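Structure first, then comments.
The values are calculated or read from the model by the stated rules, or taken from the named source; none is laboratory data. No experiment lies behind these values; they were computed from the predicted model shown. Positions of Cβ are generated from backbone atoms using ideal geometry, with glycine treated the same way; all protein chains shown enter the neighbour counts. With ligands, DNA and RNA removed, areas are computed over all heavy atoms of the protein, side chains included. Shrake-Rupley method; radii C 1.70, N 1.55, O 1.52, S 1.80 Å.
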Amino acid sequence: MLTFAMQFLAIFTCAIFSGAAIYINLVEHPARLSCGIELALTEWVPSYKRATIMQASLAIIGFASAFVVWLINSNIEWLIGGVLLGLVVPYTLIGIMPTNKRLLSQALDKPLEEARYLLIKWGYMHMVRSVLSTSALIIFLLNR
């Protein structure tokens, strides 16, 4: 029963994370950029702040649940999937955070070319989070 609950929790949180990450890459960020850089930057700030709490929580819960499944079953695929999902946290803190900080610092005072570069760069870096979480979800679904 515990295994099923942990598998469900890992799959559920990973699916929400993955879906949100893909939505951001395919819909929200391109729409944001199509409105002009000044408006895109203005919208990015509150969107980022709201998404941070949700996505960090989902990644951590998904990783922890998958880790518990691995501890119970010794099924290495659950550990691999959990690690892939969990990697979005250090990747965000180490890889994306410098760009986030530049976008957040006096956001509207940036030259538009710098803001454009940073927003486009952020979109590509965020894509890694979509790939990691979707890969984890596929592994979880194939091994349930």
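When Cys35 is tested against (1) within 19 Å of the chain's Cα centre (by Cα); (2) open to solvent by 50 Å² or more (accessible area, probe 1.4 Å), just one condition goes unmet, and that condition is (1). When every residue of segment 117-132 is checked against the conditions, none turns out to be under 27 Å from Phe4 (Cβ atoms), in contact with a Lys or Arg (Cβ under 6 Å, 6 or more places away or on another chain) and in contact (Cβ under 8 Å) with a residue 12 or more places away in the chain. Within segment 38-60, being of a type in the set (A, V, I, L, M) and open to solvent by less than 70 Å² (accessible area, probe 1.4 Å) holds for Ala40, Leu41, Val45, Ala51, Ala56, Leu58, Ala59. Residues in segment 127-139 that are out of contact with any Asp or Glu (no Cβ under 8 Å at 6 or more places or on another chain) and either of a type in the set (Asp, Glu) or closer than 11 Å to Ile11 by Cβ (or both) were compared, and the one that is surrounded by the fewest Cβ atoms within 10 Å (Cβ to Cβ) is Ile138.
Taken together, Leu85, Leu93, Leu71, Leu79 contain a single residue that is closer than 30 Å to Thr3 by Cβ, of a type in the set (A, V, I, L, M, F, W, C) and under 12 Å from the mean Cα position of the chain (by Cα), which is Leu85. If the condition is being open to solvent by less than 30 Å² (accessible area, probe 1.4 Å) and more than 19 Å from Leu71 (Cα to Cα), then segment 2-32 contributes Phe17, Ser18, Ala20, Ala21, Ile24, Asn25, His29, Arg32.
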